[in-house]
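Here the structure comes first, spelled out in structure tokens, and everything after it is commentary.
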Amino acid sequence: MASFDDLIKKQEKAWNCPGLMSSAKAVSKDKIPFSSPLMNHSTYGGIPRYRISEFYGEPGSGKSTSAIDVCKNAAIVFETEHNAQLAKYREDESKYSDEIEELEERGPKKILYIDIEHGFDRKWSETIGVDPEKIEIMQPPDVPAEELLQLVEDLISTGEVGLVVLDSIPSLVTKSELEKKYGERTVASLAGLMTVFMRKIVPVLTRYQCTMILINQVRDNMDNPYVANTPGGKAIKFYSSLRMMFRLGQPVDFLGNDLPKNTENPAGYIVDVRLTKQKTAPFDRKNATYYLMCQSGIRPDFDFAILAVTKYGIIKKGGAWFTICDPYTKEPLETPDPLHPDKMKPVKVNGMAKVYDYLAENAEYYSRLQRFIVDDINGTESEPDGESNEAL
């Protein structure tokens, strides 16, 4: 009688699935990060790879912007992995010559943004740091959703795609809806289609190591106004490993200070995010925010400052004053006292706006603070490159 290992090897060969028993061993580090440190802190590193994440919320709440931002970081991740794989093969170039040629021809994993709403703004994507040349943007014509979703599965099955963004679920039009006239109704055609699609696509994502973001909308719930309904049926909720609800929050000025909600010309907004499902990390961080400026995009420096004050105690608050401390020792930085040149005094600034200014003016300190927080979020250990309590 065949052993357990023999049966597994046989089935891996029959199903053409070498990772049959290892694909579930992904760790928390297998994430694609956001540009916002606050978002990364709440999600324990970003969106999970080789799984489905759902971004949903009201119109103009930051869903598409957040998805495009993930695309930007995915391009960096895929290029880094591609170069690392090439370097590994080149250590024994004579043995892996075919693999090197194939990798060089194929290039890094592709990013596919399917803009069903036809609302992708190239200029705005460049504002938030995206190179549109590194993203494959598809704006499909009026074709049935069945054909489009089949194309998505086929493209993923090539093994060349690392991230797919579907923007958005309610914009899909099923074949039965296309064939009917205005006023004629269909019953749950989209929900039925998405149920089948989700069941089929989940193992395909794992097999070909592809990640998917589904962008969805919300609908009014007449039974309970405090619970948001999303189109596409319940299968999307069930199969998504991460679900995030977006809402446009308080308007802010250039320094990140809150403004009245009726402000006519705000510099930006706080994007409020609520995690409603988390399967790839502890579900103890359910709220996230980030600053989205109208002219410059996401402001990670604001996020790092807030994390340093509220989560890590690197910058200690006392009333309106903030004491700047070393990220690794938590001891206050010191600077010469102008009244007593032979003495040192702690570095303090008045107001959060001055904290942002201090980080902008002290690049070395800001770099150390960034490294400490990013390493903590990613669960990696790092050593300070020279400890000093003197102001940098």
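The values are calculated or read from the model by the stated rules, or taken from the named source; none is laboratory data. If you're wondering where the values come from, they're calculated on a predicted model, not measured in any experiment. Cβ sites come from the backbone with ideal geometry, for glycine too, and all protein chains shown count toward neighbours. Just so you know, the surface numbers come from the protein's heavy atoms only, side chains and all, with ligands and any DNA or RNA stripped out. Shrake-Rupley method; radii C 1.70, N 1.55, O 1.52, S 1.80 Å.
For every residue, the table says whether it meets (1) closer than 30 Å to R51 by Cα; (2) acidic (D, E); (3) more than 27 Å from the chain's Cα centre (by Cα).
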residue: L292; (1), (2), (3): yes, no, no
residue: I298; (1), (2), (3): yes, no, no
residue: F302; (1), (2), (3): yes, no, no
residue: V309; (1), (2), (3): no, no, no
residue: K316; (1), (2), (3): no, no, yes
residue: G319; (1), (2), (3): no, no, yes
residue: E331; (1), (2), (3): no, yes, yes
residue: F372; (1), (2), (3): yes, no, no
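Within segment 161-189, the set of residues being of a type in the set (D, E, K, R) and either part of a helix (DSSP H, G or I) or modelled with pLDDT of 95 or more (or both) comprises K175, E177, E179. Residues of segment 255-300 that are of a type in the set (G, A, S) and farther than 24 Å from K31 by Cα: G256, A267, G268, S296. Annotation: H82 fulfils all but one of (1) over 30 Å from I298 (Cβ atoms); (2) free of Cβ contacts under 8 Å to residues at least 60 places away in the same chain; (3) of a type outside the set (S, T, Y); the unmet one is (1). Report whether or not Y182 is hydroxyl-bearing (S, T, Y) and under 24 Å from the mean Cα position of the chain (by Cα). No: the conditions fail for Y182. If the condition is being within 12 Å of F304 (Cα to Cα) and charged (D, E, K, R), then segment 347-376 contributes R368, R371. Which of the residues belonging to segment 31-62 are out of contact with any helix residue (DSSP H, G or I) (no Cβ under 8 Å at 6 or more places or on another chain) and open to solvent by less than 20 Å² (accessible area, probe 1.4 Å)? Within segment 31-62, S42, T43, P48, S53, S61, G62 meet the criteria. The residues in segment 210-235 that are in contact (Cβ under 8 Å) with a residue 60 or more places away in the chain and assigned to a strand (DSSP E or B) can be counted, and the count is 6. Which of the strands (runs of 3 or more DSSP E) found entirely inside segment 288-368 contain at least 1 residues meeting this: in contact with a Phe, Trp or Tyr (Cβ under 9 Å, 6 or more places away or on another chain)? Here the list reads 315-318, 321-324, 348-350. Among the residues of segment 109-141, the one identified as hydroxyl-bearing (S, T, Y) and open to solvent by 40 Å² or more (accessible area, probe 1.4 Å) is T127. State whether the residues of segment 255-265 include one that is in contact with a strand residue (DSSP E or B) (Cβ under 6 Å, 6 or more places away or on another chain), without any contact (Cβ under 8 Å) to a residue 40 or more places away in the chain, acidic (D, E) and crowded, with 18+ Cβ neighbours inside 10 Å. For segment 255-265, residues in contact with a strand residue (DSSP E or B) (Cβ under 6 Å, 6 or more places away or on another chain), without any contact (Cβ under 8 Å) to a residue 40 or more places away in the chain, acidic (D, E) and crowded, with 18+ Cβ neighbours inside 10 Å: absent.
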